[in-house]
Every structure is written in C-alpha cells, then in structure tokens.
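Reading through the structure tokens given below for one structure.
Derivation of every value follows stated rules applied to the coordinates shown; laboratory data play no part. Keep in mind that what you see is a predicted model, and the values were worked out from it rather than measured. Cβ placement follows ideal geometry from the backbone for every residue including glycine, while neighbour counts extend to all protein chains displayed.
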Amino acid sequence: MRTRVGAAVVAVLATLIAAGGAEAAVPPGSIPVGASWQTNGRVEAMVVVGSTAYVGGQFTSVRPSGSPLGTGEVARNHAYAVDVQTGALLPWDPNTNNTVQSIAVSGGTVYLGGTFGTVQAKTHARIAAVDATTGAPVQTFKAKTNGSVNALAVGPNGLFLGGAFTTADKATANHLAEVDLSPGAIAPGWTASTDQKVTAVALTADGSRLIVAGNFLTIDNGAGQRYLGAVSPVTGAAMSWLSHPGYPVITLALDSRGVYVAGNGNGGNVAAFNPTTGQQLWIGGVDGNVQAIAVDSAASTVYVGGHFNNYCGHVTGINVCRTNTARDHLMSLDEPTGNIQPWHPGANGVLGVFAMAAGNGTVEAGGDFTKIGGVAQQGFGEFPQINAPILTDSCAGAPTNVNPVTVTASGSASTGPGFLGYRYQTSTDGGVTWGALRTGPTATVKTVGTTMVRFEALDAYGNASDWTGDTVTITP
C-alpha cells in the first residue's frame, strides 16, 4: 500500500471532513498518488500491461516520489518499469544509450524503438526486443533501421514499425516496415510506405486495418493521404480512409469505437474518427500542441495531454481561444461526443505532457513537467481511481427488531494506493436530507424505522470514490 502522505494534503482532507462537504467523486482522482517513481528527464512513451507500466524517454535516473532532484537517484537509462498498484520500482532495466520513443509488449517480450544504438551495451540499432521481467536484450532479435523508430505495434504475424527511417534490415523501407517477432527479419511482400515521417501506428480492434499517422502527405504514393490513413496489415496496401486532418498527427489511441488523434497545427487538435470508414466523428481545439492521448473504453473517456493551457471547444485548434476552458496540459473528453469533462489535474512546464496511458482504474501521464496535480513529481505521475466500498450489515439486509444494527464498509484498502479510510452519512427521510459526515468503516443505526446509510472511500491525496448505499429497517 502507498503510505506517503503530505501534511498539507492531510490538513485539507481533515478540513473537508470537518466541514461536512460531500464533494463529487471524480474517477480517476486529480491528485497523483505519492509512490510512483519520478524521472530526471522527459518521458516520451509508456505502455501499461496488467499492473506493470513500462516507461521510456530521455531520462537517465529515477527517484522516489517526494525526493528532490539528486536525492535517492537510481540509474535507469531511458527505460524503467513500476508496479502501478504498489508504486514499487521493478528490476526491469534495458539500459539503452539513447532515447526510447516507443514501446510495445507481446507476452514475455517488450519491444523498444527510438534513437539508441545499444541495449545493456549490446548493439541494437534503434529497435530491440528485451525480456519483460529483466530488460535483458533478446540477442536473437536482429532487426535494425537507419533512422529513429517512433512507433511500434504488435500484429498477428509480426511487429509493425513507424519512424524516420528509410531502410530496415538494409532493405528499402520508407518510414514503415514489418519485421518478424522473433528473429526480427523484415517481412517479405509487405509494401507500405510514406513520403515523410511516421509518428504512430496501431491496429484496429478487429485487426483489419493498421492505422498510420504522422507528417506524411502520401501513403504508397497515393495523393491526398495526408497525416492519417490506413493500410492492410497483411499486404501493406493503402486502404480507404474518408477524412484526413489538416494538421500533422503526433500520436493516436484507439478502441472498437474510434481512432483518437493528437496533433498540432494552429494551436493544437484532438479528433475522433470512425475506425472502419475513417469519417471524422468530432474535433476539439486547444491553444497548444496535443502530444499525448489515451482512451479508457470502460469509462468512455479520452485522456489528452500536451502543452496547451485552454480548451477552445468543438473547433480546430487556435493559438488564442475565443471561448476557453482552462486546462493546463491535461484534460479529459467524453468519448462519444468529445465534450469536455471535469477532470483537471494540471501539469507545469513549457512543453508539458508527452505520453499517456489509461485503463483498469488508473491514468498515467509522462512528460517534461516537474509538478502534476499540484504535487511535486517530475516526469511521471499516476492518477488512481478509488474503488467504492462494499457494504454489509448485521441484519443481512432484512427488517429486524434487533437494535442497534451495524453497517460495515470494506474492500477499498487493497486497491486504492494511499488509502486513508471511509466516511459515511445517514438519512431518515428517504435521502432528502443527510446527516453530518462521520469517519470510520462502521455506522451504528439505532433509530426505529427506515434509515439510509451511504459510505465513500478516501485516499490520502484528496480523492473520493462513488457513494455506496444501504438501507436499514428497525421495527418496534
């Protein structure tokens, strides 16, 4: 369990409890947990698999949350891994000699792309496969490129690469290639190419299309295929795509309902496209580049990061918003509509956020910041969802003439990093009015008649779960 608690945060939380205010739950919280290890430089890529976050970037060391720069440093050259449930630093240590810009995971293997030339002092030119537990390079994986690998995606038969290269395994490969997952040999007959750099690749949920994004104007020499398109994962041939952005795409995220892109332009842009047709579904503009994006399908939420300071609404990006909603480098949007959501942790720094991941009740953000969600935390921060409590009562939910009845909350401590406790309220008028907030895992009901009881869980960083309710009826 994460136990680092800032005194100021505890004071604020104590004030909220004493005042009896019932603030709205915001999953995930807007204040990052306090045990996620931070970096001494920019984070550019992250992938979360199960409880493990694999993180890559320009950094050369990591340190515990709350430690100032130069204190408690542990060497991690350009890649490290943490447990997102406990915050523990994991032994995974590829130790590359230059920046890691992209990460993909397949089973027990993690694939890294970037500008590096060595992994644990072994030659691996800009692309490598490493063990998912130790980070040791897989020496039988021999793929290499002559330029940076900015994007990776695991397919059913191989690994798709996108970047600034023009050769892969010494064969012509203009910014796109497919290589075998094991020896890394280039896939014969896969023909996709672009005229300029590729920044992101991802397979659609049904596996029928490889979505390609970047700075290019053509795919396979096809006119009008600018910045975003689709190719066949089997042959590499260009596929139909109805809408093309008017701005270079920096990165993308997708699920079965949409392809979500982050881009620049005049200000910055975030947009959704139909994954089958490529028709644009909605667009949102901000006043600075959008550089990171993630989608949480279960929460129907798109998380967005960049160096913007304001959301401009359903318009294309603009340097100065005409109608603005303040959002400092981080925001969330409703997945179906693109409407702005209340989550607003904020991050500092000129360039802000460069990588995001979301799912399983957490959101992770990486970038150039030194403070995020109001907490001093450099490079990497995690925002957890606080699990709502499970309630049981001593009358098994049935009317009873036994007095008193106890209602007990449980189930949140093991899954909420930095868990602080529970608080509850009671109502004897059907929930029209509620009594004072009280702290603790157990409520004792003595009033004859029907009493409603509701609990919420709290963490040490100011975040609250949804309310969970129970009804107790004591007969005369």
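Going by a ≥ b ≥ c, the root eigenvalues of the Cα gyration tensor, does the range 31-384 fall in the rounded group (a/c under 1.5), the prolate group (a/b larger than b/c) or the oblate group? Walk me through the intermediate numbers first.
On the way: a/c = 1.75, a/b = 1.03, b/c = 1.70.
Here the range 31-384 falls in the oblate category.
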In the neighbourhood of ASN146 defined by beta carbon distances under 9 Å, the net charge of the other residues (Lys, Arg +1; Asp, Glu -1) is +3
With 0.36 nm assigned to each residue of separation and the Cα-Cα distance removed, ASN339 to LEU351 gains 1.9 nm
Taking a straight Cα-to-Cα line shorter than 15 Å from LYS144, and setting aside same-chain aspartates and glutamates fewer than 8 residues away, one finds ASP169, GLU178, ASP180
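Just subtract the alpha-carbon distance of ALA136 and ALA223 from 0.36 nm times their residue separation and send over the number in nm, one decimal. Can you show the working numbers first?
Details: separation 87, 0.36 × 87 = 31.32 nm, distance 4.31 nm.
Answer, rounded to one decimal: 27.0 nm.
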Longest principal axis of the chain (C-alpha) makes with the long axis of helix 7-19 (C-alpha) an angle, in degrees to the nearest 10, of 40 degrees
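Could you list HIS307, HIS329, HIS244 so that the one with the fewest beta carbons within 10 Å of its beta carbon is first and the one with the most is last?
Numbers: HIS307 24, HIS329 28, HIS244 16.
The fewest-first ordering by Cβ neighbours comes to HIS244, HIS307, HIS329.
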In the chain the cysteines whose Cβ sits 4.7 Å or more from every other Cys Cβ are CYS395
Per the charge dipole of the chain (beta-carbon charges, Lys/Arg positive, Asp/Glu negative, Cα centre), the residue among ASN319, ALA238, SER51 reaching farthest to the positive end is ASN319
Quick calc, the chain, dipole around Cα centre from Cβ unit charges on Lys, Arg (+) and Asp, Glu (-), nearest 20 debye, gives 600 debye
When VAL119, VAL48, VAL315 are arranged by how many other beta-carbons sit within 10 Å of their Cβ, fewest first, they go VAL315, VAL48, VAL119
Whole-Hz Karplus couplings 3J(HN,Hα) for the range 362-376, θ = phi - 60° and coefficients 6.51, -1.76, 1.60, Gly and Pro as x, run 9, 10, 10, 10, x, x, 9, 5, 10, 9, 9, x, x, 10, 5
Under the rule rounded for a/c under 1.5, else prolate if a/b exceeds b/c, else oblate, using alpha carbon gyration tensor axes a ≥ b ≥ c, the range 390-474 is classed as prolate
Long-range amide H partners of ASP328, meaning residues 5 or more apart or on another chain whose placed amide H is closer than 5 Å, are GLY346, ALA347
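Among THR468, THR71, which comes first, second and so on when ranked by fewest other beta-carbon atoms within 10 Å? Before the final figure, lay out each step's value.
On the way: THR468 20, THR71 9.
Final ranking by Cβ density, sparse to dense: THR71, THR468.
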In the neighbourhood of ALA355 defined by beta carbon distances under 14 Å, the net charge of the other residues (Lys, Arg +1; Asp, Glu -1) is -3
Computed about the Cα centre, the charge dipole of the range 164-293 from +1 Lys/Arg and -1 Asp/Glu charges at the Cβ has a magnitude in debye, to the nearest 20, of 160 debye
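Counting Lys +1, Arg +1, Asp -1, Glu -1, what net charge surrounds THR99 among other residues with beta carbon under 12 Å of its beta carbon?
Details: positive: ARG42, ARG126; negative: GLU44.
Around THR99, the surrounding residues sum to +1.
By how many nm would the segment from ASN401 to THR277 grow when fully extended, if each residue of separation counts as 0.36 nm and the alpha-carbon distance is taken off?
Details: separation 124, 0.36 × 124 = 44.64 nm, distance 6.31 nm.
Additional length available on full extension: 38.3 nm.
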Answer check: the range 155-223, Cα atoms, Kirkwood Rh, Rg/Rh ratio of 0.94
Dividing the helical contributions, -39500 (n - 2.57) per DSSP H run of n ≥ 4, by the residues of the chain yields a 222 nm value, nearest 500 deg cm²/dmol, of -1000 deg cm²/dmol
